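Contents: one structure, followed by commentary.
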Amino acid sequence: MSEDLFLKIIDREIPAEIVHEDDEVIAFRDINPKAPLHVLIVPKKRIRTINDISEDDEKVVGKLFSVARQIAGQEGYSDEGYRVVMNCNAAAGQTVFHIHLHLLAGRAFTWPPG
Ligand code: AMP
């Protein structure tokens with residue numbers, strides 16, 4: 001068993017509501033949603049934090065945004081708008097150390113975030 005929660009989801013060791021999967025990326029609904037739409041978009045390669053992203057990872061990190069755009073469109077939020085967020089380390093609230101883009105939509109968001 002992997003110690004990385006999201007690798008466990010990728011390996012189907014724990015269940016998730018998967019909304020997108022391809023060779024490089026998986027996306028699934030957040031277990032504790034903070035908006036009517038809250039999906040996590042995750043590279044299959046384990047990258048612990050934004051600090052660990054290398055030049056080799058630039059393509060897959062860009063793809064996280066393409067998948068976010070696709071899912072936002074499928075769910076009907078392209079025009080209304082949505083937020084994407086990636087937390088880095090503890091002060092920013094990162095709790096799972098495998099990078100992931102949060103896609104949030106379906107309510108008004110304040111700025112700056114808390
Ligand atoms: P972060 O705090 O940015 O690292 O985000 C981690 C996110 O993972 C949180 O929003 C959690 O609610 C979410 N999460 C934790 N466990 C699971 C799980 N088993 N399935 C789906 N989402 C999860």
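See the values below:
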| quantity | calculated |
| --- | --- |
| Efficiency of FRET between Ile53 and Glu75 - r from beta-carbon atoms, R0 35 angstrom, step 0.05 | 0.85 |
| Sparse-neighbourhood loop sites, GluC sites (Glu not before Pro) in the range 3-58 - DSSP loop, at most 11 other Cβ within 10 angstrom | Glu3, Glu13, Glu17 |
| Overall form of the range 56-101 per C-alpha gyration tensor (a/c, 1.5; a/b vs b/c) | oblate |
| The chain: relative contact order in percent, alpha carbon pairs under 8 Å with at least 6 residues between | 29 |
| Two-decimal ratio, the range 1-80, of alpha-carbon radius of gyration to 2.2 N^0.38 Å | 1.13 |
| 1.4 Å probe accessible area per residue over the chain, in Å² | 59 |
| Per DSSP, loop trypsin sites (Lys or Arg not before Pro) in the range 1-95 with at most 10 further Cβ within 10 Å | Arg12 |
| Cβ-Cβ FRET estimate between Trp111 and Ala90, R0 fixed at 25 Å, reported to 0.05 | 0.65 |
| Sulfur and carbon atoms: percent of accessible area, the chain [1.4 Å] | 51 |
| The chain: most fluctuating residue of Asp11, Asp56, Asp22 per GNM, C-alpha cutoff 10 Å | Asp56 |
| Max mean-square fluctuation residue, GNM over the chain, Cα-Cα springs under 10 Å, options Asn32, Asn87, Asn51 | Asn32 |
| The chain: angle of helix 58-74 to the longest principal axis, Cα-based, in degrees nearest 10 | 40 |
| Summed residue charge, Cβ within 13 Å of Lys34's Cβ, Lys/Arg positive, Asp/Glu negative | +2 |
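The values are calculated or read from the model by the stated rules, or taken from the named source; none is laboratory data. Since this is a predicted model, take the numbers as computed values, not measurements. Please note: Cβ atoms are built from the backbone with ideal geometry, for glycine as well, and neighbour counts cover all protein chains shown. The protein model used for the area step is the full one, side chains on, heavy atoms only, and it has no ligands, DNA or RNA in it. Shrake-Rupley method; radii C 1.70, N 1.55, O 1.52, S 1.80 Å.
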